[in-house]
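Step one of this worksheet: look at the structure below.
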Amino acid sequence: MFCSKCGTQVADGAAFCANCGNALNTAPVAETPVAAPVAEAPVEVAAPVAEAPVEVATPVVEAPVEVATPVAEPAAPVNENVYAPTYQAPTYQQAPTYQAPTYQQAPAYNTAPVQPVDSKSLMIKGILAIALCELGIPGIILGSMAKKLAAQFMAQNGGQIFGKAKVGSILGRIGFGFGIGFTIFWGIYFLIIVLALGSI
């Protein structure tokens, strides 16, 4: 008998190894009984059963059946005047006509009373326009004032102008025209002087 740990031979029936002190399993090992093989019974295979042949019925051909064609009977005449309803067109009411509201015109209010044009002042402005037209712009201003007063004088007298007012209107127009001409003249004159001074 040998030790299972160190392999040292020990005496039979010893409980421990004298070399390493390992506990020895001295109990006899029970052998496991082996079951005897069971003989299987032979399986019987059933023999195939022969099926009886199935008879197929032969289709019976039926003779064609003749169908009688229906005979159309003439329809009775229909009186349209009896069944047709009479149609009446609907009547519509005429829409009321729209009348625009009438508005009263507001009275004109004169904020300032209209003063009659003095023919003497009109003539004075015309004379001054002629006298100062050589200066250019003063003649234009006084001439335009005389023309404006002349238009107001004509509006107040039914489109007519006469007396001193007529003289002032003519002088104002002449002064206005000469004032424009002298303004152009003096402008060209001063431009030539500036160019001449610049070239010196």
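Values quoted throughout were computed directly from the atomic coordinates according to the rules given, and no laboratory measurement underlies them. Quick caveat, the model's predicted, so the values are computed rather than measured. Neighbour counts are summed over all protein chains in view; Cβ atoms, including those assigned to glycine, are modelled from backbone coordinates with ideal geometry.
To keep it simple, each residue is scored yes or no on (1) assigned to a helix (DSSP H, G or I); (2) surrounded by 19 or more Cβ atoms within 10 Å (Cβ to Cβ); (3) not aliphatic (A, V, I, L, M).
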position	(1), (2), (3)
I127	yes, no, no
L142	yes, yes, no
M154	yes, no, no
V167	yes, no, no
G177	yes, no, yes
F185	yes, no, yes
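If a residue has to be in a helix (DSSP H, G or I) and crowded, with 18+ Cβ neighbours inside 10 Å to count, how many in region 129-140 make the cut? The total comes to 6.
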